[in-house]
Structures are given as structure tokens and as C-alpha cells.
Amino acid sequence: MIEPFSFPLNIFHAFKFFLIQLYAGFISTNYIFGEDTKKFPLAYFFPFKKKIVLPYYPDDIYIHPNIKALQENTITLCYTGQFSAEKGIGNFFAAADCLRKKKPGLHIRILLIGGARKERDERYFAEQLEKYRFENIKIGKSASFETFTEAYAEADICFDLRTKNYENHHCLPIKLFYYAASGKPVIYTDLKAIRQHIDVSGFGFLVDPEDPETIADCIVKYVENPELYTNHAKNARLAYEQTYNWAAIKDVFVNFIANP
């Protein structure tokens with residue numbers, strides 16, 4: 001919110017938005033937090049107000065499960081969302097580039113779904129495409145919410161390699177649960193919000209987004225051990241079915257609203 005403002009106006013606007021948030025918290029009766037890491041400041045300034053943590057779990061009507069078996073000597077890597085440096089498109093490309101150097105005989109497919117929202121992001125994305133020049137790359141426009149999980153059905157592994165910063169550390173990535181519901185192993189930035197909420201070790205890896213060597217090694221583990229990939233794909237879907245779905249938490253939400 002303060003990104004458009006330069007110093008010292010950004011400090012003034014940050015303080016202004018903070019006061020607006022406190023005022024909103026003051027006049028609210030109850031709080032619903034998407035994750036524990038976003039309880040600050042309201043839960044601490046108003047500790048006696050009723051509150052719950054209600055994560056962003058998918059409803060099954062929006063899920064298109066597609067558990068795949070790896071094709072021999074072929075891998076499809078998927079990135080969805082905003083094409084920007086902060087969201088990690090450059091980190092994703094660097095990891096894919098490192099993978100093709102480690103495994104020159106591997107047929108690597110790149111699937112991108114989304115787009116750049118700002119002019120500077122468009123320039124950055126164009127520079128990345130020119131820099132890496134991937135031979136097999138497919139770029140699709142942002143999908144509707146209803147068709148999102150269908151858009152990446154052909155993917156083998158789904159990625160989110162956003163930058164490590166204060167904001168991202170305190171945001172639980174929503175798409176993580178959709179990828180799991182689809183039966184897709186994941187490779188994600190090692191964020192505080194993820195570690196506090198979900199153990200992804202059964203269906204993916206948490207990594208340093210700026211360490212392409214390690215990320216490529218994670219992909220190689222799947223390529224060289226298809227059984228590991230199959231287990232992670234099945235575990236992802238199982239985690240969704242057992243825990244991370246809307247049906248498991250909807251009664252908590254309804255009861256919270258019905259009994260303020």
C-alpha cells in the first residue's frame with residue numbers, strides 16, 4: 001500500500017494505514033484471521049475480542065484432481081500467478097536453467113499461467129525470457145477461479161519461489177492448498193507462515209528461493225526416483241482430503257458467525 005510513495009511520505013502513509021487498521025479493529029466485534037502470522041496487531045491490541053483462525057482451504061467443487069505418473073525422461077514445471085521478481089518468476093527460471101545443465105538429456109517443459117501487472121514487471125519478464133530462452137515453454141493467461149486447477153492439470157510439479165521478506169514470511173500462500181488438492185507435489189519458498197501451519201515434507205520441499213542448485217536437486221530427486229514422486233503426489237491429495245479442505249472447517253465458520 002505504501003509502495004507508490006517515496007521517503008519520507010511512505011512513513012507518513014504507513015502510520016496512517018496503521019491507524020486506520022486500529023480503528024477498524026476497534027469498531028469490529030469479532031476477528032477472522034487467515035493465519036496465525038497475521039494476528040498482529042489487532043489480536044494484541046484488542047485481546048478480549050472473539051477471534052478464530054480460518055485458513056483458505058479449497059471447496060471440492062473447485063478442484064480438478066490430476067495425480068500423474070512421471071513420464072520417462074520428461075518433467076513439466078509449473079509457475080502460476082504474477083510474473084514479477086518479488087513473486088519469484090526469476091528464481092523459477094534460474095532453477096529450471098540449473099536443472100537443464102545438471103540433466104542435459106532431460107526434456108523440460110515450462111508451464112506458466114498468469115501475467116505481469118505492472119510495466120516494470122513486463123520488462124523484467126521479457127528480460128528473463130530472453131536470458132534463458134527455454135525451448136519448450138507454454139504461457140497461458142490467468143485462469144478464472146472456477147477453472148484454475150484445470151489450467152495446470154498437465155503440470156508435474158508446482159512452484160512458488162517468492163522472495164523472502166517480512167510480508168511474505170507472514171502470508172500463507174493460498175495456492176499451496178489448491179496444488180495439494182490437485183495431487184501436485186510442490187517446491188515452495190521456506191516461509192515462516194508455511195512452517196507454522198502445514199508440514200509439506202510429505203508432498204514437497206521448502207527451499208531457499210535464491211538457491212537454484214538446491215532447487216534443481218529437489219527436482220532431480222523426483223526424476224531419478226519416480227516412486228518418491230508418486231508417493232508425494234498421493235500424499236498431497238490425501239492431506240487435502242483429510243485436513244486441508246473447506247468441508248473440514250465450514251462449521252467453525254458458520255458457528256462463529258451465528259454465535260457472535
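The values are calculated or read from the model by the stated rules, or taken from the named source; none is laboratory data. For clarity, every value in this text was computed on a predicted model and none was experimentally measured. Here Cβ is always computed from backbone atoms with ideal geometry, including for glycine, and neighbour counts include all displayed protein chains. Heads up: the accessible areas ignore ligands, DNA and RNA and are worked out on the full protein's heavy atoms, side chains in. Shrake-Rupley method; radii C 1.70, N 1.55, O 1.52, S 1.80 Å.
Out of the total accessible area of the range 219-258 (probe 1.4 Å, heavy atoms of protein only), what percent is carbon and sulfur?
52 percent
Kindly express, to the nearest 10 degrees and within the range 0 to 90, the angle between helix 226-242's C-alpha long axis and the longest C-alpha principal axis of the chain.
Around 20 degrees separate the two axes.
Report the extension gain between ASP199 and ASN165 in nm, rounded to one decimal, defined as 0.36 nm multiplied by the number of residues separating them, less their alpha carbon distance.
Gain in length upon complete extension: 10.2 nm.
Mean residue ellipticity at 222 nm from the helices of the chain, using -39,500 (n - 2.57) per DSSP H segment of n ≥ 4 over the full residue count, to the nearest 500 deg cm²/dmol?
-13500 deg cm²/dmol, from helical runs alone.
Given points 7 Å out from each Cα along the Cα-Cβ axis, report the LYS16 to ASP217 separation in nanometres with one decimal.
4.9 nm
Express the accessible area of the chain per residue in Å², computed with a 1.4 Å probe while the remaining protein chains stay in the model.
Here the per-residue accessible area is 54 Å².
Counting each pair of different Cα atoms once, what's the Kirkwood radius of the chain in Å, rounded to one decimal?
19.9 Å
Once you charge only the Cβ atoms, +1 for Lys and Arg and -1 for Asp and Glu, what is the size of the charge dipole of the chain about its Cα centre, to the nearest 20 debye?
520 debye
So how do 86-95, 24-33 stack up, highest first, on mean other-Cβ count within 10 Å?
Highest to lowest by the protection proxy: 86-95, 24-33.
Ranked highest first by average number of other Cβ atoms within 10 Å, how do 252-258, 223-229 line up?
Top to bottom by mean Cβ count within 10 Å: 223-229, 252-258.
Rounded to the nearest percent, how much of the accessible area of the range 73-112 (1.4 Å probe, protein heavy atoms only) is carbon and sulfur?
Within the range 73-112, the accessible surface is 49 percent carbon and sulfur.
Provide the gained length on full extension for the span LYS250 to ALA126, in nm with one decimal, where the gain is 0.36 nm per separating residue minus the Cα-Cα distance.
Full extension of this stretch gives 40.4 nm more.
For the range 144-211, with all protein chains present and a 1.4 Å probe, just round the carbon and sulfur fraction of the accessible area to a whole percent.
49 percent
Ordered by packing density, taken as the mean number of other Cβ atoms within 10 Å over each peptide's residues, highest first, how do 207-220, 180-193 rank?
180-193, 207-220
Rg(Cα) of the range 107-260 divided by 2.2 N^0.38 Å?
Expressed relative to 2.2 N^0.38 Å, the Cα Rg reads 1.15.
Positive end of the dipole of the chain, charges at C-beta (+1 Lys, Arg; -1 Asp, Glu), about the Cα centre: which of ALA181, ASN231, LEU22 has its Cα farthest in that direction?
It is LEU22.
What span do the alpha-carbon atoms of the range 76-159 cover on each of the three principal axes, reported in whole Å from largest to smallest?
Here the Cα extents, ordered largest to smallest, are 36, 29, 18 Å.
For the range 204-250, what's the radius of gyration and Dmax over Cα atoms, in angstrom?
14.0, 41
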